[in-house]
Amino acid sequence: MATRLTPAVIVEAFPGAGTVGPVAGTPPVAEVRDGEKVIGYLFSTHETVSPRGYRGDSFDIIIGLDLEGSVTGTALLEQHEPILGYMLVPVERLVAYLSGLRGLNITKPVRLRRLRGVDGVAGATISATLMHGAVLLSARKIARLRGLLDNAAPRELALDLDSYQPRDWDELVASGSLARLHVTEAEAAAAQAEVKAGNENGNRRPTSAAGDGTFIELFAAIATPVGIGRNLFGNKWHNHHLSLLALGEHLLFVGSRGPFAWKHATASYSNSLERLQIVQGANTIRLARRQILPPSAVRATGAPKIDQVGLFRLAPGTGFDPLRPWRLELLIPVASAASSPKFASLPLEARISAEFVIGEDRALEDAGFLEPRYRLFGLVRDSTLGDWQRIWVDQAGEIAALLALLAILTLILVMQGALSRRRALHNAVRVGFLIVVLVWLGWIAGAQLAIINVIAYFKAILVDRDVAHLLFEPLLLIVAGYTALSLLVLGRGVFCGWLCPFGALQELVARLARLFRVPQLGLPFALNERLWAVKYVVVVALVFLATVSAESAALMAEIEPFKTAITLKFVRAWPHALYAVVLVVASLFVERLFCRFLCPLGAALAFLGRFHVAKWLPRRAECGSACHICERSCSVQAIWRDGRIAMNECFQCLDCLVEYYDAHRCPPLVARRKRRARAATRIGEFGPRVTEAVE
């Protein structure tokens, strides 16, 4: 890390840094000093939490952290994200987003919903999510190790003490930030009468009669958060009140108007106030004199004239939890002959407003601060889902459509014999399926499997042993899983012939060319066979580069036009677009030219599917000796002169099976049909004895 802390990086990650000390410790950290005073730290995500990006490669961000636990800046040093770079999503957008994390309070949880709406990283939201999380996790780890965070066990929910939005008095009441209780004279008298009569339910408020005068209008709030206290008292006085609190204490505001005085005349001299108490669950907190703070004027816009104001400190030792519901009980004295005083209790129910509570959505919902959101027709609660699970649920419709498409393909493969016996039906099914794969799977859903995905999968499984980041693209993962299974059973042709959108584009273009009688260039079989080897050379070179330089491998992977033609729909810089167009135009004259001779993905799949289980394309003894019709019908020249099918080069389009089962075109079947016709004729003329002779 020491060599990476250049002056430019330091300025970006910790503006105003004086001197930076040596890098030391595990994980490595450099102290930032102002003279002899430590004011913060610099550290690396790579060496702190070893994060992984979208493709499974590490990235490195230098982070600055001050002693208050806030991020002072970030400097992106290294990344290998495939969607970022020249003529893709500009890296500058991600750098700008990371720079926006300056001032991030690391004690607050990440809000992923907000992240998804950031326009600056549209197209690279997964990369941004992973980097945002790495910054937060790294900063938390360093802060914990350096003693910047409270050593108490972390809570799922916390008060948001810093957010501020101007609000007047009525808005504070309407939002629940300021609780209100209005008691009429009749209600107070009725409550006193019930207690005097010995009714234990004297704390229930009877219905008031019209025209009753006000006994008291009581207000209460936890004023610790800036969004409440600053609106009540103004910035200056709110800061003053907070300065009188110890760490972990909360500021309680109580105010009232009306003739009843809850500040009893002897309150200043007694240990506790007689006429107020807080009840939270089974815990009752009497407001003692030591909890009273110097009062303050209420400065909220639109506030009524407040007759009595009280400020109280609520220490952690009282057991008060500002995140749980509580009530302030107004105790009204009841005249009684008994030696001990009696009180009628009228409750002011209160709870902190949800806008001042931060935490993960699930915890907020469990606590009642957030209305749960449900997905999949109300079956799944959104907050229970992880990031990748939420993506799967969001794409449930696309996933269902893909599974249906794969089920149809499986049925086609299982019923290949019945389908191939019907030439017109096979042609319609083949063309229709390819159109769906190109338009929906490729251009709309963007599920074009590429060699870079295969390399990433192998690296995640065999090297990193961490596949979590692969789950962020469910459609690609499902296609890859189906492809892997089909390789084991049937070989390379299932994906290349049926599920590759760019392959579908080439074949559809070739079919249009034949429809309009565009001359086809049939290559000599010897040349065709030699050109097969080119794609294997390409994939070997790619795998080698991937072990040496991820950047070089990503650059060479551009030999696949998939990103240009399918993912970006040809909307790309002209060199890439021209290359893809040239390959598509070439398909007018040589069907699937790229698939046959250049595709590294096809070569990798051919190698992986070389020892597949099923041998399901039938051959006859006459194939290749007396008959060459299947050979001539194979538009990709995957059948040798002796009739054997080169399964590593076969796209399993079933065209050869259509010829194989055609009794009017396949010579062995034509001969058999003619023999049966002659036999039938003889049966009609000479009877059963001729049939026996023929048999």
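The values are calculated or read from the model by the stated rules, or taken from the named source; none is laboratory data. The structure presented is a predicted model; accordingly, all values stated were derived computationally and were not measured. We place every Cβ from the backbone using ideal geometry, glycine too, and count neighbours over all the protein chains shown. What goes into the accessible areas is simple: the full protein's heavy atoms, side chains included, and nothing from ligands, DNA or RNA. Shrake-Rupley method; radii C 1.70, N 1.55, O 1.52, S 1.80 Å.
Odds and ends about this structure:
- Relative contact order of the chain, taken over Cα pairs closer than 8 Å and 6 or more residues apart, is 9 percent.
- When the inverse distances between all different Cα atoms of the chain are averaged and flipped, the Kirkwood radius reads 32.2 angstrom.
- Per-residue ellipticity at 222 nm, computed for the chain from helices alone with -39500 (n - 2.57) per DSSP H run of at least four residues, works out to -11500 deg cm²/dmol.
- Accessible area in the full protein assembly, largest first, 1.4 Å probe, for TRP532, TRP237: TRP237, TRP532
- The residues of the range 521-584 have, on average, 54 Å² of accessible surface per residue, using a 1.4 Å probe with all protein chains present.
- Placing unit charges on the Cβ atoms only, positive for Lys and Arg and negative for Asp and Glu, gives the chain a dipole magnitude near 2700 debye about its Cα centre.
- Taking the Cα centre of the range 271-370 as origin and assigning +1 to Lys and Arg Cβ atoms and -1 to Asp and Glu Cβ atoms, the resulting dipole is close to 600 debye.
- Solvent-accessible area assigned to carbon and sulfur over the chain amounts to 59 percent, based on a 1.4 Å probe.
- Relative contact order, percent, the range 356-474 [alpha-carbon distance under 8 Å, six or more residues apart]: 21 percent
- Three-way shape call for the range 490-564 based on the alpha-carbon gyration tensor, with the a/c threshold at 1.5: prolate
- If you sort ASP662, ASP382, ASP466, ASP366 by accessible surface, 1.4 Å probe, largest first, the order is ASP366, ASP466, ASP662, ASP382.
- Most positive-pole-ward Cα, HIS238, GLN277, ALA404, against dipole of the chain from beta carbon charges: ALA404
- Fraction of alpha-carbon pairs over 14 Å apart in the range 321-373 - percent: 64 percent
- Exposure of TYR54 as accessible area (Å², to 10), given a probe of 1.4 Å and all protein chains: 50 Å²
- For the range 252-396: rounded, prolate or oblate by the Cα gyration tensor [a/c cutoff 1.5]: prolate
- Computed over the Cα atoms of the range 353-466, the ratio of the radius of gyration to the Kirkwood radius (Rg/Rh) comes to 1.17.
- Against the main long axis of the alpha-carbon atoms of the chain, helix 185-196 sits at an angle near 80°.
- Cleavage-rule hits (GluC sites (Glu not before Pro)) in the range 28-106: DSSP loop, at most 14 neighbouring Cβ within 10 angstrom: GLU36, GLU68
- Nearest 10 degrees, 0 to 90: helix 574-586 Cα axis against the chain principal axis: 30 degrees
- For the chain, the longest principal axis of the alpha carbon atoms and the long axis of helix 125-145 meet at an angle near 50°.
- Fully extended contour minus Cα-Cα distance, from GLU68 to GLU329, at 0.36 nm per residue: 90.2 nm
- Here the range 514-549 and the range 448-490 have alpha carbon centers that stand 23 Å from each other.
- ³J(HN,Hα), Karplus 6.51/-1.76/1.60, whole Hz, each residue of the range 501-517, x for Gly, Pro: x, 5, x, 4, 4, 5, 5, 5, 5, 5, 5, 5, 4, 5, 4, 9, 6
- Between amide H atoms placed 1.01 Å from N, distances below 5 Å from PHE59 occur with GLY53, all of them 5 or more places distant or on a separate chain.
- Per-residue extension of 0.36 nm, minus the Cα-Cα distance of HIS628 and GLU171, leaves a gain of 155.9 nm for this segment.
- Neighbour-limited loop hits for trypsin sites (Lys or Arg not before Pro), the range 337-393 (at most 14 other Cβ within 10 Å; DSSP other than H, G, I, E, B): ARG373
- Remark on the chain: CYS496, CYS500, CYS595, CYS599, CYS623, CYS627, CYS634, CYS650, CYS653, CYS666 stand apart, with no other cysteine beta carbon under 4.7 Å.
- FRET efficiency estimate (nearest 0.05) - Cβ-Cβ, ARG641 to ILE461, R0 51 angstrom: 0.80
- Between ALA282 and ASN427, the distance separating the two model label sites (each 7 Å from Cα on the Cα→Cβ line) works out to 8.3 nm.
- What the Cβ-Cβ distance of ILE435 and VAL91 gives, at R0 = 41 Å and to the nearest 0.05, is a FRET efficiency of 0.65.
- Annotation for the range 432-523: trypsin sites (Lys or Arg not before Pro) lying in DSSP loop with at most 12 further Cβ atoms inside 10 Å of their Cβ are ARG465, ARG517.
- By accessible area with a 1.4 Å probe, ligands and nucleic acids excluded, highest first: order of LEU425, LEU471, LEU348: LEU425, LEU471, LEU348
- Each of GLN389 and VAL38 was given a label point 7 Å from its Cα along the Cα-to-Cβ line. The distance between the two points is 3.9 nm.
- Net length available on complete extension from ARG676 to PHE516 is 53.7 nm, with 0.36 nm assigned per residue and the Cα-Cα distance removed.
- Beta bridge orientation in the chain: antiparallel %, DSSP, nearest 5: 95 percent
- For the pair ARG144 and LYS196, label points projected 7 Å from Cα toward Cβ lie 6.2 nm apart.
- Between SER340 and LEU159, the FRET efficiency from the beta-carbon distance, with R0 = 56 Å, is close to 0.90.
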